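Structure record follows, encoded as structure tokens.
The values are calculated or read from the model by the stated rules, or taken from the named source; none is laboratory data. The structure presented is a predicted model; accordingly, all values stated were derived computationally and were not measured. Counting neighbours? That spans all protein chains shown, and the Cβs are built from the backbone with ideal geometry, glycine included.
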Amino acid sequence: MLKVTHFDPVTRFDLARTLAGRGRYWTTAYLVDGLLVDSGCAHTASALLSALEGRELSWIANTHTHEDHIGANGLLQRSRNGLQIRAHPLALPVLAAPRDLQPLHPYRRLFWGWPEPCEARALQDLEFIETKKFRFQVLFTPGHSPDHLCLYEVDQGWLFTGDLFVGGNDRALRAGYDIWQIIASLKRVAELSATRLFPGSARLRDDPQGALQAKINYLEDLGERVLALHKKGWLVGEITRRVCGGPMWVEFVTLGHFSRRHLVLSYLGENNDG
């Protein structure tokens with residue numbers, strides 16, 4: 001399933017696999033002046049290829065290598081001669097061999113699927129990607145993944161955040177995420193003079209600083225509560241129930257890979273992937 005929205009000159013593609021007649025677990029790609037920011041999942045690769053027919057496409061920049069953001073890279077690169085793919089240096093091995101280096105849990109295979117391999121080149125922190133009309137500065141923003149980055153068009157004030165910022169007040173986290181790095185990365189991009197925030201999913205924000213600061217405040221407050229209870233000797237399960245509330249359906253769908261417990265463990269520095 002694919003939806004197209006225009007925010008001239010940025011075109012937004014919302015992408016999701018259709019299950020039981022509905023799109024499930026949406027992700028977003030953006031096209032501006034020949035630059036595609038992320039490419040959705042493997043299940044929607046053909047739909048994105050069709051939607052891009054007749055449009056200029058010279059670059060793909062991946063915000064990170066999770067399978068719902070790199071899924072059409074290989075197909076697009078095979079279909080467009082000279083298409084350049086750029087990503088964080090840590091992303092390159094995964095992009096070259098996603099099946100070998102990024103095993104997928106059952107829910108991830110169901111909703112997003114296996115990406116094809118692609119050839120990519122490394123971006124560096126503070127480097128610029130220059131299109132015909134715009135210059136996008138690269139900002140390394142780890143936490144959601146070690147290879148995460150954001151793109152910032154300085155003159156326009158556009159901030160493409162990938163999954164660093166998707167809105168909402170988190171009550172769960174995936175195994176392997178680093179909540180303190182996420183907070184530090186949010187603080188980094190909050191210092192920019194951004195005028196519009198383009199997230200990896202969820203709605204656009206026209207008050208980036210306000211949205212980012214609200215997220216930072218929420219996550220820091222939650223962390224203070226977790227650490228205070230931990231200092232009092234509370235067990236992880238007790239802290240989880242107190243600060244994160246009752247069970248969430250996403251915990252059942254992901255068999256606990258995405259959970260309230262992992263959020264608490266991340267604040268305690270114990271959220272290892274597995």
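How many of the residues making up region 217-260 are touching a helix residue (DSSP H, G or I) at 6+ places or on another chain (Cβ under 8 Å), of a type in the set (D, E, K, R), surrounded by fewer than 19 Cβ atoms within 10 Å (Cβ to Cβ) and closer than 19 Å to residue 182 by Cβ?
Matching residues across region 217-260 total 2.
Take the conditions over 23 Å from residue 64 (Cβ atoms), among the charged types (D, E, K, R) and either free of Cβ contacts under 8 Å to residues at least 60 places away in the same chain or surrounded by fewer than 19 Cβ atoms within 10 Å (Cβ to Cβ) (or both) and apply them to residue 203. Does it pass?
Taking the combined requirement at face value, the residue does not satisfy it.
Yes or no: residue 140 surrounded by 20 or more Cβ atoms within 10 Å (Cβ to Cβ) and either modelled with pLDDT of 95 or more or closer than 24 Å to residue 91 by Cβ (or both)?
Criteria not met by residue 140.
Mind checking which residues of region 221-240 are over 10 Å from residue 267 (Cβ atoms), assigned to a helix (DSSP H, G or I) and of a type outside the set (A, V, I, L, M)?
221, 231, 237, 238, 240
Can you list residue pairs whose Cβ atoms sit under 6 Å apart, with the first residue in region 155-170 being at positive phi and the second being buried (at least 17 other Cβ atoms within 10 Å of the Cβ) and at pLDDT below 95? Count only pairs 6 or more apart in sequence or on different chains.
Within 6 Å, the pairs are 162/200.
So residue 147 fits all but one of (1) acidic (Asp, Glu); (2) buried (at least 21 other Cβ atoms within 10 Å of the Cβ); (3) within 19 Å of residue 193 (Cβ to Cβ); what number is the exception?
Going through (1) acidic (Asp, Glu); (2) buried (at least 21 other Cβ atoms within 10 Å of the Cβ); (3) within 19 Å of residue 193 (Cβ to Cβ) one by one, residue 147 breaks only (3).
Looking at the structure I just gave you, is residue 12 in contact with a His (Cβ under 7 Å, 6 or more places away or on another chain) and either closer than 15 Å to residue 201 by Cα or not in a strand (DSSP E or B) (or both)?
Spelling it out, it is not the case that residue 12 is in contact with a His (Cβ under 7 Å, 6 or more places away or on another chain) and either closer than 15 Å to residue 201 by Cα or not in a strand (DSSP E or B) (or both).
I want to confirm something. Restricting to region 26-38 and keeping residues that are part of a strand (DSSP E or B) and farther than 16 Å from residue 203 by Cβ, which single residue is nearest to the chain's Cα centre (by Cα)?
37
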